[in-house]
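The values are calculated or read from the model by the stated rules, or taken from the named source; none is laboratory data. Computed from a predicted model, the values in this text were never measured in an experiment. Virtual Cβ from ideal backbone geometry, glycine too; neighbours counted across all protein chains shown. Calculation scope for accessible area: heavy atoms of the full protein, side chains included, ligands and nucleic acids excluded. Shrake-Rupley method; radii C 1.70, N 1.55, O 1.52, S 1.80 Å.
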Amino acid sequence: MATTSELRRLLSLVHFDARLSCIEGLTAFRNLLEQDSDGSVLRFLNQELPKLDGKKRGGIAYVLAEHHRQTGNLKSLQQLYADDDIEVKASVLNALWGQPGSNPEMSPGIMQLAMDGANHASPRVRMEACSVFQNLCGWKVDVSGAVAPLHRLLSDDSDCVRSQAACAVGNLAKGKYDMSEHVAQLGQNARREDISVRNYSAWALWQISRNKHDIGVAVPELVQLLADNDDWNDPRKNAVGALLHHAKKSSQNREQVMQCIKMVQLDLKKYKEIRRLQEGLASLS
């Protein structure tokens, strides 16, 4: 095992690379923790964590949280998250994307941490909580408790939170949760200035429609989104997917989409997704 002096040397190499927006030097500790049979590496990092600050402290917190998740140590994970440092809280939640593990207490425990994070004053912590919700859903964990918080987070002051919340709503819809109460706010978010919010809102509406719920109230905003002149095509692609899926459900839905299209000027020549929408609607007549 590594000596204390070697661990200190490795810790000195941990730093935040602003150019890449990531913490460098964590891999060595992740590998050492996998082979930490006597717990010496874990004790060293726990002792050093309070002495660190900023991104470096967050990075070490991430490594520790990941280790606790993998080993099923919920108590240590909860104690780590209890740190008031925003970098630590956000990093702990960020480390919980993986499989909760075999410990039956881990899934509800992690869910509770995310529920707490969804109410935190920091937008970054709230954003990470949204990621935990959708990742737990992907692991077939019961995330029904996230439905109401996500509805609130779709109206968050931070566009980053709104974007991540919309992504989580779409993933919960794919997981067969009833997200129909989120449709109206998603429609409003499809017209936000932030393009990421528009994109994930349109995608979430598509997933909700695919889960057999009505998105009619958001159709005008989805059609308006098609008139955007942004080069990024994903928002238009997702809007078209949502509109076509909605239109295929009934002749009334198709007529609604057609009427809304008449109210805006769309560039058929420039954007192939708009041509796809027109062709798809024509094939339904």
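For the chain, which whole-number percentage of the solvent-accessible area (1.4 Å probe, protein heavy atoms only) is attributable to carbon and sulfur atoms? Show your work: numbers first, answer last.
Values: 6550 of 13770 Å².
Looking at the chain in its full context, I get 48 percent from C and S.
Let me check I have the definition right: for region 142-194, take the eigenvalues of the Cα gyration tensor, multiply each by 5, take square roots. What are those semi-axes in whole Å, largest first?
Equivalent ellipsoid of region 142-194: 18, 11, 9 Å, largest first.
Take THR4 and ILE86, extend 7 Å from each Cα along the Cα→Cβ direction, and tell me the distance between the two endpoints in nm.
3.5
Over all directions, average the projected area of the Cα convex hull of region 113-172 and note it in nm². Display every interim value, and only then the final one.
Details: hull surface 13.1 nm².
Averaging across all directions leaves 3.3 nm² for the Cα convex hull.
Would you mind computing, in nm to one decimal, how far apart the modelled labels at GLN47 and ALA184 are, each placed 7 Å from Cα along Cα→Cβ?
With each label placed 7 Å out from Cα toward Cβ, I get 5.8 nm.
For every other residue with a beta carbon closer than 14 angstrom to the beta carbon of PHE29, add +1 if it is Lys or Arg and -1 if Asp or Glu, then tell me the sum.
Its environment carries a net charge of 0.
Of GLN164, VAL141, SER196, which is farthest on the positive side of the dipole of region 110-223, counting Cα position, with +1 on Lys and Arg Cβ, -1 on Asp and Glu Cβ, and the Cα centre as origin?
Toward the positive end, the furthest listed residue is VAL141.
If you place +1 on the Cβ of every Lys and Arg, -1 on the Cβ of every Asp and Glu, and leave all else neutral, what size is the dipole of the chain about its Cα centre, to the nearest 20 Debye?
The dipole magnitude comes to about 920 debye.
Could you pull out every one of the aspartates and glutamates with an alpha carbon less than 16 Å from that of LYS56, ignoring same-chain neighbours closer than 8 positions?
Straight-distance partners of LYS56: ASP17, GLU24, GLU48, GLU66, ASP83, ASP84, ASP85, GLU87.
For region 1-93, what class follows from the C-alpha gyration tensor (a ≥ b ≥ c being the square roots of its eigenvalues): rounded when a/c is under 1.5, otherwise prolate if a/b is larger than b/c, else oblate?
Here region 1-93 falls in the oblate category.
Mean-square fluctuation check for the chain, GNM, Cα pairs under 10 Å: which of ARG43, ARG57, ARG19 is largest?
For the chain, modelled as a Gaussian network with Cα springs under 10 Å, the answer is ARG19.
Label-point separation (nm) for GLU105 and ASN229, each offset 7 Å from Cα along Cα-to-Cβ?
Taking the simple label geometry, GLU105 and ASN229 are separated by 5.9 nm.
Across 5 Å bins from the origin, how do the percents of Cα pairs in region 133-280 run, short distances first?
With 5 Å bins starting at 0, P(r) equals 2, 11, 21, 23, 19, 13, 7, 3, 1, 0.
For n ≥ 4 DSSP H runs only, could you compute -39500 (n - 2.57) per run for the chain, divide by its residues and tell me the 222 nm figure to the nearest 500?
So the calculated ellipticity at 222 nm is -19000 deg cm²/dmol.
Bin width 5 Å, origin at 0, all Cα-Cα pairs of the chain: what percent of pairs per bin?
1, 6, 12, 14, 14, 12, 10, 9, 7, 6, 4, 3, 1, 1, 0
Using a Gaussian network model on the chain with a 10 Å cutoff between Cα atoms, which of LYS270, LYS237, LYS89 fluctuates the most?
Taking springs between Cα atoms under 10 Å, the residue moving most is LYS270.
Given the options ASP17, ASP142, ASP156, which has the most mean-square fluctuation in a GNM of the chain, springs set between C-alpha atoms less than 10 angstrom apart?
Ranking ASP17, ASP142, ASP156 by mean-square fluctuation puts ASP17 first.
Return a whole-number percent for the relative contact order of the chain, with Cα pairs under 8 Å and 6 or more residues apart as the contact set.
The value is 9 percent.
Let me know the charge dipole size of region 13-136 about its Cα centre in debye, to the nearest 20, where only the beta-carbon of Lys, Arg (+1) and Asp, Glu (-1) is charged.
For this selection, approximately 180 debye.
Can you tell me the relative contact order of region 86-236? Whole percent, Cα pairs under 8 Å, sequence separation 6 or more.
With pairs under 8 Å counted, the relative contact order is 17 percent.
For the pairs LYS249/LYS270; LYS237/LYS262; LYS55/LYS89, note any where the Cα-Cα span goes beyond 23 Å. Spell out each step's value before the answer.
Numbers: LYS249/LYS270 28 Å; LYS237/LYS262 19 Å; LYS55/LYS89 12 Å.
In this structure, LYS249/LYS270 lie more than 23 Å apart at Cα.
Relative to the longest principal axis of the chain, what angle (0 to 90°, nearest 10) does the C-alpha long axis of helix 159-174 take?
80
How much solvent-accessible surface does LYS272 expose, in Å² to the nearest 10, with a 1.4 Å probe and all protein chains in place?
130
If one takes the longest principal axis of the Cα atoms in the chain, at what angle in degrees, from 0 to 90 and to the nearest 10, does the Cα axis of helix 106-117 lie?
Here the helix axis deviates by roughly 70 degrees.
What is the helix-to-structure angle for 251-261, meaning the angle in degrees between its Cα long axis and the longest Cα principal axis of the chain, kept from 0 to 90 and rounded to the nearest 10?
90
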